Amino acid sequence: ADALTTTGFIGLTNLVAGWIALPAMHLSGLETFELPPPSRSCWTVLVANALVEYSFDVSCAVAIYATSAVVTAVTAPLTIPLALLADGMIYGGGTGDMKKVGTGWDWGGAALILVGAVLLEIKPNLFSRKREKVFHSDLKESCILSESTRIHCV
């Protein structure tokens, strides 16, 4: 499936089934839904947030089209450490004090995400040994030539 089909089915699923939980939660009292206050600054923040989310969704669709869904799924969580750093810069009291934003668990999770992305990038190079079978004509035996230029004959 291509990116447009995948994105279309995600939207169709949300349209058909995603909204059903909203009235149920409102009627049960679990969550009260209401419009935000009519202040201009509140609506400006909401519109800016919607535009950022829309641009992220479009960039994910382009990434799926340009690479693959697996690469996009692996690299998308890298926005979490970036968001944590941005929160520290914005809400760190103007001094950039990172201690005021995020707990040790938050920073540990961000570190694990970064380590996971790095390991996924270098893993193929760590454990793969490209081998090819060759037939050594002088010895009349089948040999395996590995990347380290060692020849194992059987």
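The values are calculated or read from the model by the stated rules, or taken from the named source; none is laboratory data. The model shown is predicted, which means the values in this text are computed figures rather than measured ones. Positions of Cβ are backbone-derived with ideal geometry, glycine not excepted, and every protein chain shown enters the neighbour counts. To get the accessible areas, we keep the full protein, side chains included, count just its heavy atoms, and leave off ligands, DNA and RNA. Shrake-Rupley method; radii C 1.70, N 1.55, O 1.52, S 1.80 Å.
Rolling a 1.4 Å probe over the protein heavy atoms gives segment 1-58 an accessible area of 87 Å² per residue. Each part reduced to its alpha carbon centroid, segment 1-42 and segment 61-80 end up 23 Å apart. The calculated FRET efficiency for CYS42 paired with PHE9, based on their beta-carbon distance and R0 = 25 Å, is about 0.15. Annotation note: chymotrypsin sites (Phe, Trp or Tyr not before Pro) in segment 19-87 located in DSSP loop regions with a Cβ neighbour count of at most 14 within 10 Å are PHE33. Across segment 2-19, coupling constants 3J(HN,Hα) worked out from phi with the 6.51/-1.76/1.60 Karplus curve, θ = phi - 60°, read 8, 5, 5, 5, 4, 5, x, 5, 5, x, 5, 5, 5, 5, 7, 10, x, 7 Hz, and Gly and Pro carry x.
Computed from the C-beta positions of ALA24 and VAL115 and an R0 of 41 Å, the FRET efficiency is 0.55 to the nearest 0.05.
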